[in-house]
Each structure stands twice: as structure tokens, then as C-alpha cells.
1. Report yes if some residue within the range 289-298 is modelled with pLDDT of 95 or more, surrounded by 21 or more Cβ atoms within 10 Å (Cβ to Cβ) and closer than 22 Å to SER176 by Cβ; otherwise report no.
2. Identify all residues within the range 173-194 that are under 24 Å from ALA65 (Cα atoms), out of contact with any His (no Cβ under 8 Å at 6 or more places or on another chain), of a type outside the set (A, V, I, L, M, F, W, C) and not in a loop (DSSP other than H, G, I, E, B); write none if there are none.
3. Could you please find all residues in the range 156-204 being within 12 Å of ALA82 (Cβ to Cβ) and of a type in the set (Gly, Ala, Ser)?
4. Collect the residues in the range 106-160 that are on the phi > 0 side of the Ramachandran plot and in contact with a Ser or Thr (Cβ under 9 Å, 6 or more places away or on another chain), keeping them in residue-number order.
5. Scan the range 224-244 and report the pairs whose first residue is in the same structural domain as HIS174 (by TED's automatic domain parsing) and whose second residue is among the basic types (Lys, Arg) and modelled with pLDDT under 95, with Cβ atoms within less than 8 Å and a gap of 6+ or a chain change.
6. Answer yes or no: is there a residue in the range 143-165 that is in contact with a Pro (Cβ under 6 Å, 6 or more places away or on another chain) and assigned by TED's automatic domain parsing to the domain that holds LEU234.
7. Within the range 202-221, which residues are surrounded by fewer than 24 Cβ atoms within 10 Å (Cβ to Cβ) and in a loop (DSSP other than H, G, I, E, B)?
8. Just checking, which of ILE197, ILE170, ILE160 is assigned to a strand (DSSP E or B) and within 30 Å of LYS57 (Cα to Cα)?
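The values are calculated or read from the model by the stated rules, or taken from the named source; none is laboratory data. Keep in mind that what you see is a predicted model, and the values were worked out from it rather than measured. Cβ coordinates were reconstructed from backbone atoms using ideal geometry, including for glycine residues, and neighbour counts include every protein chain displayed.
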Amino acid sequence: MAAEKGELALIDWIRRNQTLRSSRVSIGLGDDLAGLRLDGQELLFGCDQVLDTVHFKLSECGARAAGRKALARNLSDVAAMAAEPLAALASVALPNDMPAEEARQIVRGMWDLAEQFNFPVIGGDVGSWGGALVINVSILARAAGVGPVLRSGAKPGDVIMVTGELGGAILGKHLSFVPLVKEARVLAEAVKVQAMIDVSDGLAVDLRHITAESGCGARIIAERIPISEAAKELARKCGDTALAHSLSDGEDYELLFTVAAADADRAAKVLRSAGTQASRIGEITEAKVVLVGKDGREQELPAGGYEHFTGPNRPG
């Protein structure tokens, strides 16, 4: 039988077959960042890449926006664990015909965001080839007294919450979003966040990451999902429902998290004071991930979101 194809299948294969272990590893595969204990301190590491024509269109957005997005995606992973960024490195594979000034704009885009969050880009590597632009960023962070919050702590009875609004990020948000680093830390300082992830691949996919790592289920109320105007606009243009876009579009980079029911009001209040809305969209259950429709009927939460190798998968 042929091996199952797909990004998630490959990651699962790596987790099952990795043999080299180290007592220094505190957080392994399965979270937004990995953890390593060094001299009594836990440091967090992550890397992410962006590809021209997959994560952005260079001809439309420009090199500066591409560089900014490459670093922003990594910062969103830092936010997902309520961590504090320390430094980043970047490697770029430039198209052979890219002008020097355009290459500099990639770096300036990273610097723009690094300055905003007060940490340096300390090095990296540059290469060129006959293909499209590829930017890979590696980031170093620390818990700094908060967390780190993992995906694996959700418990039955927890309230499921999400910040902001979901869907339609392709209309602009995927390039302009501000990573919720400060908001995540304020939240985690105020209440015990049981589990958290950033919505990068779509609510339907990223919620399943939490339930899989936590060994539980979830019950989501469709009418409580905060749907963006961009999602509604796409629905009018494409024929899919706005709900489908909010579940599967991805690249919203909002925070999806769970807290004990007793902490939900405080979590919403704290985030509101930080300038971010948070919506209760459901609860963690013992098993199965279900969506409750407007008619009150439950169905298995449809698969959705984006997966490399297989591409977008949108529920109807």
C-alpha cells in the first residue's frame, strides 16, 4: 500500500519513526515551537517558510510585504505559546533575476516587524536559483515567566474561544496581520490557558490539532463563530458559504484557545482591554469534533483548511 500523501501524514511519520532522543528536549513535535533546556533555562525554537505563489504573489504584494509576512508567521507561532521573541534568522532563495534593491526590500520588511516587537534579526543565508522566491525564518523565544502554553492541555468542560474574526484573509489580512504576541502574554498572565494554537491553516484543522494533542473532542456552535466581512464577500463571489470560509480559509493568525469555564469571562475581559475581541465558540468534550448548526443538529466538523501536497480543502 502506498504511503499516505500529505503534510500531516509526513509529520506523523516523522513523529513515529524519529529515534534520536535527548533529555534536553522539553517540547517535541506537535506544538507551534519546540523546547530545549539549557543551563536551567527553557528556550523555544521554531521555523517557518513562505513560498511565492503559495503564501503570497510577489508580483502583486512586493518584496517588503513578503519579508514582513515571513517573520510575522513565526511571531504568530510565538504568540500561540504565549512566549516572548528573542531573535530570528532568515534564509532566502532569491530568483536569479531579482534586482538587488528588491532583495533589500525583503530584509526591510523583516526589520519593520522586528523593530515593532523589539528583537533583532541576527543572521541567516542568501542563495539564488532559477525558481521562485523562498523565505525561511527561524525564531528563538522564551517563556519569560508565562507558559509556555501547549496544544495538549485542553480538558472536557473547557470553553473554546477565538480572537478576532475568521475567513477571507486572502483579501488582504494574510499580508497585514499583526501577530498577537502581546495579547497572548496578557491573557496567559491573567488566566490559566489550558491549550492554544494560532489559526494558520483554518479553524477546522487547527481545532483538530488541539483535540488530537489533548486526546479529547470538541463541540462548536456555528452561530457563535465570528465571521469576517471578507469571508462574506468571498462567499458572495465564490458561491461557498461564509461559514465555510470561516472554518477553512486559514491565514487569519488569530488565537484559538481553551480555558476553564470559570475563567472564560475574565479571558474575554482581559483581551478586550488589550484591544482584541474574543468569542466563545464551543466547549471541549470527551470525544468527537462536532459542529452544531443553526437548526441545532450536530454533524462531524467537516475537514477543511490548507495542507501542503494536497492543497485547500473547504467544507460545503
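1. No, that holds for no residue.
2. LYS173, SER176, LYS182, GLU183
3. Once the filter is applied, which keeps residues that are within 12 Å of ALA82 (Cβ to Cβ) and of a type in the set (Gly, Ala, Ser), the range 156-204 yields ALA184, ALA188, ALA190, ALA195.
4. Hits for the range 106-160 are GLY124, GLY157.
5. ASP240/ARG314; ALA244/ARG314
6. Applying the first criterion (in contact with a Pro (Cβ under 6 Å, 6 or more places away or on another chain)) to the range 143-165 yields 165.
Then drop every residue that is not assigned by TED's automatic domain parsing to the domain that holds LEU234, which leaves 165.
The answer is yes; a qualifying residue exists.
7. Within the range 202-221, GLY215, CYS216 qualify.
8. After ruling out the rest, the residue left standing is ILE197.
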